[in-house]
Amino acid sequence: MKISVVIPNFNGRSLLKKNLPKILKYSGVHELIVVDDASTDESIEELRTQNLKLRTNKIKVIKNRKNLGFSSTVNRGVTEAAHELVVLLNTDVYPEKNYLDFALEHFKDPQVFAVGFLQKSIEGSDIVLRGRGVGKFERGFLAHRRGDVNRPNTLWVSGGASVFRKNIWEKLGGMSTIYSPFYWEDIDLSYRALKAGYRLIFEPKSVVYHEGQEGAIRSFYTSSQIKTIAYRNQIFFVWSNITDWSLVFQHLLFIPYHILRSFITGDLAFIHGFILAFKKLPYILRKRQQYSKLFLLTDKDILL
């Protein structure tokens, strides 16, 4: 199977310098695409330097004219990918040797949409095993968390450490850009795939290392802005995807509770996120109608 590797980048020059050689060495890559989201550092110069070192144009560079956010940047890379299987890696991720061998076996099943990798997440002095997601619907929202890495089923695959089947990606419409600039894009896409009857698999033998770069987000956004975006996108997810009437009713019932609680606790980011989401309601309802045409399973089929 031929593989395209897509890497979204924003101001990741030092990470590109360190991790791209490892990705090229261990990916068995037939095509490597870096989509630069209007970086203001020397990322483009670093990519030119690496191509010169390789004495080839093995790294294909695509530049956004303005900063579009994660989902738009990834979508552009997948659109440009020449091969049917597309590996998505963030700039702060690098693989172990032969990491794709185990993941690719699962694509013998044509219903497999994506396979998530085991992420050895370097967090301070600890290595935390991540990559498998679980969740349940409670108090009107999807509550998600890290799952046990010894099981193959997963509620989502990470958009920064996984491999996808391109034709299903296109059928689903790719990542929703409503979530820009970050958070919930991969959960949303994964959930839509599951409701459309496709399979997601977590493969613990496909291992990558993740040097968490949350600080990169915090260098451009305040804590309050990040919380507001996270709340807004959590609301977007429900309005876009949840169709079981019992869960819709639960969501509507708990919205006043969450607003009141936000006033009492002083967590006004939820209220701000709700207002931002409400402004996009007509667009969300149109997308919801579009997505629901592909849904074959109910929310309870997925979540219970």
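The values are calculated or read from the model by the stated rules, or taken from the named source; none is laboratory data. Just so it is clear, the model here is predicted, and its values are computed rather than measured. Quick reminder, even Gly has a Cβ in these numbers, built from the backbone with ideal geometry, and neighbours come from all protein chains shown.
In table form, for the structure just shown:
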{"quantity": "Top-ranked residue in region 104-117 [being surrounded by fewer than 23 Cβ atoms within 10 Å (Cβ to Cβ) and either touching a residue at least 12 places away in the same chain (Cβ under 8 Å) or touching a helix residue (DSSP H, G or I) at 6+ places or on another chain (Cβ under 8 Å) (or both); ranked as farthest from TYR198 (Cα to Cα)]", "calculated": "LEU104"}
{"quantity": "Lone unmet requirement of (1) aromatic (Phe, Trp, Tyr); (2) within 14 Å of the chain's Cα centre (by Cα); (3) more than 21 Å from ASP299 (Cβ to Cβ) for TYR209", "calculated": "(2)"}
{"quantity": "Qualifying helices (runs of 4 or more DSSP H) (wholly inside region 1-81; at least 3 residues being over 22 Å from the mean Cα position of the chain (by Cα) and assigned by TED's automatic domain parsing to the domain that holds LYS171)", "calculated": "13-26, 43-54"}
{"quantity": "From the options GLU45, GLU84, residue that is surrounded by fewer than 19 Cβ atoms within 10 Å (Cβ to Cβ) and closer than 30 Å to TYR221 by Cα", "calculated": "GLU45"}
{"quantity": "Which numbered condition VAL86 fails, given (1) in a loop (DSSP other than H, G, I, E, B); (2) in contact with a helix residue (DSSP H, G or I) (Cβ under 6 Å, 6 or more places away or on another chain)", "calculated": "(1)"}
{"quantity": "Filter result for the condition that a residue is modelled with pLDDT of 95 or more and buried (at least 20 other Cβ atoms within 10 Å of the Cβ), over VAL134, VAL163", "calculated": "VAL163"}
{"quantity": "Single residue of region 6-32 satisfying the filter (among the hydrophobic types (A, V, I, L, M, F, W, C) and modelled with pLDDT of 95 or more) that is farthest from GLU211 (Cα to Cα)", "calculated": "VAL6"}
{"quantity": "Subset of region 65-82 (residues that are in contact with a helix residue (DSSP H, G or I) (Cβ under 9 Å, 6 or more places away or on another chain) and at pLDDT 95 or above)", "calculated": "SER71, SER72, VAL74, ASN75, VAL78, THR79, ALA81"}
{"quantity": "Check on PHE220, among the hydrophobic types (A, V, I, L, M, F, W, C), out of contact with any helix residue (DSSP H, G or I) (no Cβ under 8 Å at 6 or more places or on another chain) and surrounded by 17 or more Cβ atoms within 10 Å (Cβ to Cβ)", "calculated": "no"}
{"quantity": "Tally of residues being in contact with a helix residue (DSSP H, G or I) (Cβ under 6 Å, 6 or more places away or on another chain) and over 18 Å from SER240 (Cβ atoms) across region 160-177", "calculated": "1"}
{"quantity": "Residue ranges of strands (runs of 3 or more DSSP E) in region 107-181 with at least 2 members of a type in the set (Lys, Arg)", "calculated": "141-146"}
{"quantity": "Tally of residues being part of a loop (DSSP other than H, G, I, E, B), among the charged types (D, E, K, R) and either at pLDDT below 95 or more than 29 Å from LEU172 (Cβ to Cβ) (or both) across region 216-271", "calculated": "1"}
{"quantity": "Candidate set from region 141-159 (those that are of a type outside the set (Phe, Trp, Tyr) and surrounded by 21 or more Cβ atoms within 10 Å (Cβ to Cβ)); member that is nearest to HIS258 (Cα to Cα)", "calculated": "LEU142"}
